[in-house]
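Trainee: Handing you a structure now.
A short reminder: the numbers here are calculations on the coordinates, not readings from a lab. Keep in mind it's a predicted model, so treat the numbers as computed, not measured. Ideal geometry is used to build each Cβ from the backbone, glycine not excepted, and the neighbour counts take in all protein chains shown.
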Amino acid sequence: MARTDAMVLGAGIVGTSVALHLARRGLSVALVDRAGVGEQTSYGNAGVIEGNTIFPPAFPSDTGRVLRIALKRAAEANYHLAFLPRIMPWLLAFRAASQPDRLAETAHLIRPLFSRAVAEHEVLMAEAGAMHYLRKTGWLKVYRDKKSFSALRPEFDLAAKFGLPLQALDLAGAQALEPSLHPVFADAVFWPQAASVSNPLGVTRAYAALFATLGGIILSGDARSLHRNGNRWRVETNEGALDAAQCVIALGPWTPDLLKILGLTLPLAVKRGYHRHFLGQGNAGLSRPVLDADVGYLITPMEQGIRITTGVEFAARDAAPSPEQFDRVMPRARELFPLGESVDGKTWLGSRPCFADSRPVIGPAPGRPGLWLAIGHAHWGLTLGPATGRMIAEMMAGEPPFCDPSPYRAERFS
Ligand SMILES: Cc1cc2nc3c(=O)[nH]c(=O)nc-3n(C[C@H](O)[C@H](O)[C@H](O)COP(=O)(O)OP(=O)(O)OC[C@H]3O[C@@H](n4cnc5c(N)ncnc54)[C@H](O)[C@@H]3O)c2cc1C
């Protein structure tokens, strides 16, 4: 049997960053996963480190858009009809949280954490020898519809208030940054302070390798074996039982499987998403991620090729993939960028772990001494992994956290 100060369950970008921050503080730490480090949701994302996030993704306010989604004509969202009754309470809460006043409140609440996103990655990347994955080239959002570009005014106002630089560009300005883009849009916004990575899996693996050099142990095991053992937490691993005084749950979209066993309920849902890689035609290329905002997908240069990631799909986490949404995205993506052949045989599917108020839970689990939660990072888990790791490690070590943890408390749902 192994004994450590802390164990972290789940080795995605969030759990790995938490484990690394704890190890950097001199604690003995074990990181437990049933799969390989970083191979699940944290593998397949669009690679954007979006510290500029102002408003989180919102329920559409325009009835035309809702109707197009309902009729399955929109590329931005898909759903499984049979799943709608189960997800309806969450969707209603999401719609309520998407009202303009609530979005403005969220924007203020999340700013301190997001503002550290890029800097916290840079600290870990420098130590982990992973700087070659980082691109500090910003990201570009292109708008095909004048109306949606005009609707950005509140976001621009808050960006000015928060001191976040942006450049509103016309077609020529956007093509000066990304010459391969076709002229299917008239307006664009360049956010220069966003960053991105060329290989999200490589980043998580590099953080795990650094964790190991600091004495961290990586074990294979099923987190659902977690139980209280005296005043410690115990999990069964392939190498035997592991006991730790403190335990952090960072199981991403699989978190509810363990919470249920522990008798904890939190309203975590998933927004599924797909990706596929393509070659560019000829010498077409990209220097940064590009969001086709009105269509609702992202196109990112990755080591494997040009990665297209879809918007959201409301379906049971474990339901079979239904990549029809991808079929709606592809003709629109080919309008924007000269895509060549697909380089991978099948479409990747992942699940963003989401709370309806678009804030993760980072902090102690209610009523469970020594148990901590780092879950629900939704669209921005790559972005927030290292900042989350630092914040929770500071709380666990009894240090003052670098930003106010109260917006992230689990108790907000009770
Ligand atoms: C299409 C798409 C695009 C995205 N784009 C971006 C982006 O550009 N930027 C961004 O910041 N975020 C993005 N995201 C979101 C981001 O990928 C997630 O928020 C993030 O990966 C969540 O990380 P995690 O560590 O919480 O979960 P995960 O990476 O899923 O890690 C959870 C881990 O828990 C393990 N696990 C589960 N159950 C058990 C068990 N019973 N026992 C042991 N281990 C278990 C899993 O094997 C896994 O390794 C995107 C997501 C998707 C789907």
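Trainee: What percent do you get for the relative contact order of the chain when only Cα pairs under 8 Å and 6+ apart count?
Mentor: Relative contact order, the chain: 27 percent.
Trainee: Something else now. Work through the residues other than A70 whose Cβ is under 13 Å from its Cβ and net out their charges, Lys, Arg +1 and Asp, Glu -1.
Mentor: Local net charge: +2.
Trainee: Then there is this: In percent, what relative contact order does the range 112-244 have, based on Cα pairs under 8 Å that are 6 or more apart in sequence?
Mentor: 27
Trainee: Take the residue pairs K141/K346; K72/K346; K147/K346; K271/K346; K72/K147 and return only those whose Cα atoms are more than 25 Å apart.
Mentor: Those over the limit are K141/K346; K147/K346.
Trainee: Would you mind computing the Rg to Rh ratio of the chain from its alpha-carbon coordinates, Kirkwood style for Rh?
Mentor: Reported Rg/Rh (Cα atoms, Kirkwood Rh): 0.96.
Trainee: Less than 19 Å from a label point 7 Å out along the Cα-to-Cβ axis of A397: which backbone N atoms in the range 23-45 qualify, by residue?
Mentor: 23-31
Trainee: Under a no-solvent Debye model with one identical scatterer per Cα of the range 118-169, what's log10 I(q)/I(0) at q = 0.21 Å⁻¹?
Mentor: Summing over Cα pairs of the range 118-169 leads to -0.85.
Trainee: Given a cut-off of under 8 Å on Cα pairs at least six residues apart, what relative contact order in percent is computed for the range 260-414?
Mentor: Reported relative contact order: 25 percent.
Trainee: Taking Cα centroids, how far is the range 373-414 from the range 206-283 in Å?
Mentor: Answer, in whole Å: 16.
Trainee: In addition: How much length, in nm to one decimal, is gained on full extension between H80 and A186, taken as 0.36 nm per residue of separation minus their Cα-Cα distance?
Mentor: Fully extending the segment from H80 to A186 adds 34.8 nm.
Trainee: Express in whole angstrom the spacing between the alpha-carbon centres of the range 129-169 and the range 81-114.
Mentor: Their Cα centres are 21 Å away from one another.
Trainee: Need one number: % antiparallel among DSSP beta bridges in the chain, to the nearest 5.
Mentor: Rounded to the nearest five, the antiparallel share is 65 percent.
Trainee: If you don't mind, another one. Work through the residues other than R116 whose Cβ is under 14 Å from its Cβ and net out their charges, Lys, Arg +1 and Asp, Glu -1.
Mentor: Neighbourhood net charge equals -3.
Trainee: Between A151 and I261, how many nm apart are label points set 7 Å from Cα along the C-beta direction?
Mentor: Roughly 4.3 nm, to one decimal.
Trainee: On a full-extension model of 0.36 nm per residue, what is the gain between L171 and L67, subtracting their alpha-carbon distance, rounded to one decimal in nm?
Mentor: Stretched fully, the L171-L67 segment lengthens by 34.5 nm.
Trainee: Let me ask something else about it. Count the net charge of all other residues whose Cβ sits under 11 Å from the Cβ of H80, scoring Lys and Arg as +1 and Asp and Glu as -1.
Mentor: Combined, the nearby Lys, Arg, Asp and Glu give +1.
Trainee: Between the alpha-carbon centers of the range 327-351 and the range 1-21, tell me the distance in whole angstrom.
Mentor: About 35 Å separates the Cα centre of the range 327-351 from the one of the range 1-21.
Trainee: Excluding residues fewer than 8 places away in the same chain, name every one of the aspartates and glutamates whose C-alpha is closer than 16 Å to that of K146.
Mentor: D62, E155, D170, D187, D292, D294
Trainee: Within the range 366-397, find all residues whose amide N lies under 16 Å from a label point positioned 7 Å from the Cα of N231 along Cα-to-beta-carbon.
Mentor: Output list for this probe position: 368-371.
Trainee: Positive end of the charge dipole of the chain (Lys, Arg +1 and Asp, Glu -1 on Cβ, about the Cα centre): tell me which of S61, G385, A151 has its Cα farthest that way.
Mentor: Going by the Cα projections, it comes out as S61.
Trainee: Shifting gears a bit: Hey, which aspartates and glutamates would be in cross-link range of K136, C-alpha to C-alpha under 14 Å, not counting anything within fewer than 8 residues on its own chain?
Mentor: K136 reaches E50, E120, E122.
Trainee: Report the label-to-label distance for A319 and L109 in nanometres (one decimal), using points 7 Å from each Cα along the Cα→Cβ vector.
Mentor: In this crude spin-label approximation the distance works out to 2.8 nm.
Trainee: Report the longest stretch of the chain that contains none of the trypsin sites (Lys or Arg not before Pro) sitting in a DSSP loop with at most 12 other Cβ atoms within 10 Å.
Mentor: 74-345
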